[in-house]
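J.: Shown below is the structure under consideration.
Read the figures in this text as sums done on the coordinates, not as results from a lab. Predicted model, so just to flag it, every value in this text is computed and none were measured. Here the Cβ is made from the backbone with ideal geometry for all residues, glycine too, and neighbour counts use every protein chain on show.
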Amino acid sequence: MRGIIWDGARLRVTDQLQVRPPGAGEVRVKVLASGICHTDLNMLESSYTPTPIILGHEASGVVAEIGPDITGWRVGDEVMVGTQTPCGTCRECQRGTPANCDVTWGFVPAQPFSCEGQPVYSFANVSSFAGEIVVKASQLYGTKGLPSAQAALIGCAVSTGYCAAHRLGHVGAGDRVAVIGAGGIGVNAIQGAHLAGAEMILAVDISPAKEAPARAFGATHFLRAERGADSQVLAAALRAYGPLDIAIECSGAPTAVEAAIHGVKRGGRVVLIGMTRPGARACFGLDDVLGGREIVSTMNGGARPAEDYPALIRAAVEGRLNIADQISGRWKLDDVEQAMEALRAGRVTRAILDHTA
């Protein structure tokens with residue numbers, strides 16, 4: 001089968017990839033589309049990434065094979081694949097905090113793939129850069145009626161951004177919100193805040209090209225941040241728009257994190273959802289935090305898959321949630337380097353790998 005392997009030095013497209021058969025509670029999915037996330041870019045720069053590995057964690061496709069004891073799914077069903085797979089038995093799962101389970105995000109390495117006799121690691125329980133993947137049945141959500149490229153984005157960009165506003169930010173009617181970073185995660189945070197009835201939504205980005213899409217998804221104001229600007233300068237620019245109830249930081253840049261913390265009002269909430277570079281650090285005054293600021297962060301925006309994924313799929317199918325306009329480029333697997341560069345340069349909101357091309 002065809003797929004893309006990161007070997008620690010380069011992304012290599014191969015036709016020699018294999019995946020093991022599904023076991024109990026598992027299914028094999030033929031991948032039709034995969035989103036490319038900044039997290040994938042970060043993995044290319046991380047010394048902690050085991051190699052060789054198949055990256056990608058935004059997947060849609062069709063069920064190709066069903067493992068033992070699986071009910072509710074049939075071969076040919078259209079699905080998207082979520083990343084969360086809590087074990088259900090560890091202390092955190094038993095305490096009702098499955099997001100803290102080590103297994104749930106794929107932190108425990110697995111090697112379901114092989115290439116020319118060599119085992120290959122999976123990433124984030126998905127590895128959507130492979131033509132076929134074996135995942136838990138509990139990761140699947142039906143997407144009939146939603147194009148595969150849109151369905152793929154539900155698992156990360158859409159759910160993370162939307163839930164950062166909804167689950168972590170608790171954005172409500174009349175709130176004044178800043179969203180820092182207007183990429184794939186950011187536009188969904190903007191869209192989530194807009195759907196929640198926010199009074200003002202300030203989109204912040206270093207690229208002026210991000211203003212149009214940010215406004216299209218619900219931003220009422222746009223602030224161009226200067227690359228390399230001091231965090232206090234950016235915080236002051238945020239405060240110039242009036243009291244900010246909530247700041248959702250989607251870029252992962254330490255300067256932006258610091259500005260978000262200093263830029264919200266006393267008593268405001270800061271949501272940290274942007275993926276940082278390995279080893280990144282931020283510095284902020286404790287007096288500001290202790291004076292009344294709440295800082296929250298959970299992977300996938302605090303999404304509750306069983307509730308949020310089906311709701312987001314329904315909203316997209318019914319036209320209440322705009323995913324189609326987030327897709328600003330499609331690439332064949334052979335052109336993955338071009339897709340990565342487009343994302344790195346900020347030329348796309350979301351890049352899609354088309355496994356059918």
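J.: Sequence gap at least 6, Cα distance under 8 Å: using those rules, report the relative contact order of segment 1-110 to the nearest whole percent.
T.: Numbers: 175 pairs, mean separation 24.4, N = 110.
Relative contact order of segment 1-110: 22 percent.
J.: May I ask you to derive the FRET efficiency for Asp288 and Cys90 from their Cβ-Cβ distance with R0 = 25 Å, giving the value to the nearest 0.05? Don't skip to the end; give the middle numbers.
T.: Details: r = 36 Å, r/R0 = 1.42.
That pair, Asp288 with Cys90, gives E of 0.10.
J.: Would you work out the charge dipole size for segment 274-321 about its Cα centre, treating the Cβ of every Lys and Arg as +1 and the Cβ of every Asp and Glu as -1, and quote it to the nearest 20 debye?
T.: Values: 6 positive and 6 negative charges, 42 e Å.
So the magnitude is around 200 debye.
J.: Can you tell me what share of the DSSP beta bridges in the chain is antiparallel? A percent to the nearest 5 is fine. Before the final figure, lay out the partial values.
T.: Values: 36 of 62 bridges.
In the chain, DSSP labels about 60 percent of beta bridges as antiparallel.
J.: Cα centroids of segment 341-356 and segment 241-267: how far apart, whole angstrom?
T.: A separation of 27 Å, based on Cα centres.
J.: Checking the a/c ratio against 1.5 first, then a/b against b/c, what shape does the Cα gyration tensor give for segment 250-357? Mind showing how you got there, number by number?
T.: Working: a/c = 2.86, a/b = 1.57, b/c = 1.82.
Since a/c reaches 1.5 but b/c is at least a/b, the shape of segment 250-357 is classed as oblate.
J.: Hey, can you grab everything whose amide H is under 5 Å from the amide H of Arg293? Only 5+ residues off in sequence or another chain; H modelled, so Pro and N-termini drop out.
T.: So Arg293 has HN proximity to Gly267.
J.: A further question on this structure: How high is the FRET efficiency from Val75 to Asp335, r the C-beta distance, R0 30 Å, rounded to 0.05? Mind dumping the intermediate values first?
T.: On the way: r = 30 Å, r/R0 = 1.00.
Computed FRET efficiency for Val75 and Asp335: 0.50.
J.: When a/c reaches 1.5 or more, the comparison of a/b and b/c decides; with that in mind, is segment 315-357 rounded, prolate or oblate per its Cα gyration tensor?
T.: Working: a/c = 4.68, a/b = 1.69, b/c = 2.77.
Cα axes put segment 315-357 in the oblate bin.
J.: Could you state the number of Å between the C-alpha centres of segment 1-57 and segment 88-153?
T.: After rounding, the separation between the Cα centres reads 11 Å.
J.: Hey, another quick one. At 10 °C and 1.306 mPa s, what whole-number value in µm²/s does Stokes-Einstein give for the translational diffusion of segment 1-82, with Rh from the Kirkwood sum over Cα pairs?
T.: 112
J.: If eta is 0.890 mPa s and T is 25 °C, what Stokes-Einstein diffusion coefficient results for segment 1-159, Kirkwood Rh from Cα pairs, in µm²/s?
T.: Working: Rh = 15.8 Å.
It diffuses with D of about 156 µm²/s by this estimate.
J.: Using 0.36 nm per residue of separation minus the Cα-Cα distance, give me the extension gain between Ser114 and Arg266 in nm, one decimal.
T.: 49.4 nm
J.: Given the options Glu211, Glu132, Glu307, state which has the largest fluctuation in a GNM of the chain using a 10 Å cut-off (strictly under) for Cα springs.
T.: Glu307
J.: Across every pair of different alpha-carbon atoms, what Kirkwood hydrodynamic radius in Å does segment 166-245 reach?
T.: Details: mean 1/r = 0.0803 Å⁻¹.
That comes to 12.5 Å for segment 166-245.
J.: Based only on other Cβ atoms within 10 Å, what is the fewest-to-most ordering of Asp334, Asp205?
T.: Values: Asp334 11, Asp205 25.
Arranged by neighbour count, lowest to highest, Asp334, Asp205 become Asp334, Asp205.
J.: Please list, by residue number, every one of the trypsin sites (Lys or Arg not before Pro) in segment 221-292 that is coil in DSSP and has at most 14 other beta-carbon atoms within 10 Å. List each step's numbers first, then the result.
T.: Working: sites: Arg224, Arg227, Arg239, Lys265, Arg266, Arg269, Arg281; in loops: Arg227, Lys265, Arg266, Arg281.
Of the trypsin sites (Lys or Arg not before Pro), the ones in loops of segment 221-292 whose Cβ has at most 14 other Cβ atoms within 10 Å are Arg227, Arg266, Arg281.
J.: Computed from the mean reciprocal separation of all distinct C-alpha pairs, what Kirkwood hydrodynamic radius does segment 110-227 have, in Å?
T.: On the way: mean 1/r = 0.0616 Å⁻¹.
Every distinct Cα pair counted, the radius reaches 16.2 Å.
J.: What angle, in degrees between 0 and 90 and rounded to the nearest 10, separates the Cα long axis of helix 305-317 from the longest principal axis of the Cα atoms of the chain?
T.: 80
J.: Something else now. What percentages, rounded to whole numbers, describe P(r) for segment 141-181 computed over all alpha carbon pairs with 10 Å bin width beginning at zero?
T.: Answer for segment 141-181: a P(r) of 25, 41, 26, 8 percent.
J.: Sorted by packing (mean other beta-carbon atoms within 10 Å per residue), highest first, where do 105-117, 189-201 land?
T.: Numbers: 105-117: 14.8, 189-201: 23.8.
The peptides rank, most packed first, as 189-201, 105-117.
J.: I need the peptides 120-129, 293-302, 44-53 ranked by packing, meaning the mean over residues of other C-beta atoms within 10 angstrom, with the highest value on top.
T.: Values: 120-129: 26.1, 293-302: 18.7, 44-53: 13.0.
Highest mean packing first, the order is 120-129, 293-302, 44-53.
J.: Let me ask something else. In debye, nearest 20: dipole of the chain around its Cα centre with unit charges on the Cβ of K, R (+) and D, E (-)? Before the final figure, lay out the partial values.
T.: Values: 32 positive and 35 negative charges, 76 e Å.
The dipole of the chain has a size of about 360 debye.
J.: Given the peptides 310-316, 11-17, arrange them by the average over their residues of other C-beta atoms within 10 Å, most packed first.
T.: Values: 310-316: 18.7, 11-17: 15.1.
Going from most to least packed, we get 310-316, 11-17.
J.: Between Arg320 and Arg239, what's the calculated FRET efficiency when r is the beta-carbon distance and R0 is 22 Å? Round to 0.05. Walk me through the intermediate numbers first.
T.: Working: r = 33 Å, r/R0 = 1.50.
The value I calculate is 0.10.
J.: Per residue and in Å³, how big is the convex hull formed by the alpha-carbon atoms of the chain?
T.: Details: hull volume 46.7 nm³, N = 357.
About 131 Å³ per residue, rounded to a whole number.
J.: Please find, in a Gaussian network model of the chain (springs between Cα atoms separated by less than 10 Å), the residue of Gly145, Gly228, Gly56 whose mean-square fluctuation is greatest.
T.: Per the Cα network of the chain with a 10 Å cutoff, Gly228 tops the list.
J.: Rank Leu153, Leu353, Ala214 by how far each Cα sits towards the positive end of the charge dipole of the chain (+1 on Lys, Arg Cβ; -1 on Asp, Glu Cβ) and give me just the farthest.
T.: In the chain, that residue is Ala214.
J.: Shifting gears a bit: With label points built 7 Å along Cα→Cβ from the Cα atoms of Arg304 and Ser207, find their separation and express it in nm.
T.: My value for the distance between the label points is 3.5 nm.
J.: State the answer as a single residue: which of Ala236, Leu202, Leu286 lies farthest towards the positive end of the charge dipole of segment 197-317, with beta carbon charges of +1 for Lys and Arg and -1 for Asp and Glu, about the Cα centre.
T.: Leu202
J.: So what's the back-of-envelope 222 nm ellipticity for the chain, counting only DSSP H runs of four-plus at -39500 (n - 2.57) apiece and dividing by all residues, rounded to 500? Intermediate results must be reported in sequence, preceding the final value.
T.: Working: 11 runs with 87 residues, N = 357.
Theoretical 222 nm ellipticity from helices: -6500 deg cm²/dmol.
J.: With all distinct Cα pairs included, what does the Kirkwood hydrodynamic radius of segment 157-298 come out to in Å, to one decimal, could you say? Please report the intermediate quantities before stating the final value.
T.: On the way: mean 1/r = 0.0700 Å⁻¹.
Computed over segment 157-298, the radius equals 14.3 Å.
J.: Also, I was wondering about something else. Can you list residues from other chains, or at least 5 along the same chain, whose modelled amide H is less than 5 Å from the amide H of Leu17?
T.: Gly3
J.: Tell me the relative contact order for the chain as a rounded percent, counting alpha carbon contacts under 8 Å between residues six or more apart.
T.: Values: 871 pairs, mean separation 63.3, N = 357.
Here the relative contact order equals 18 percent.
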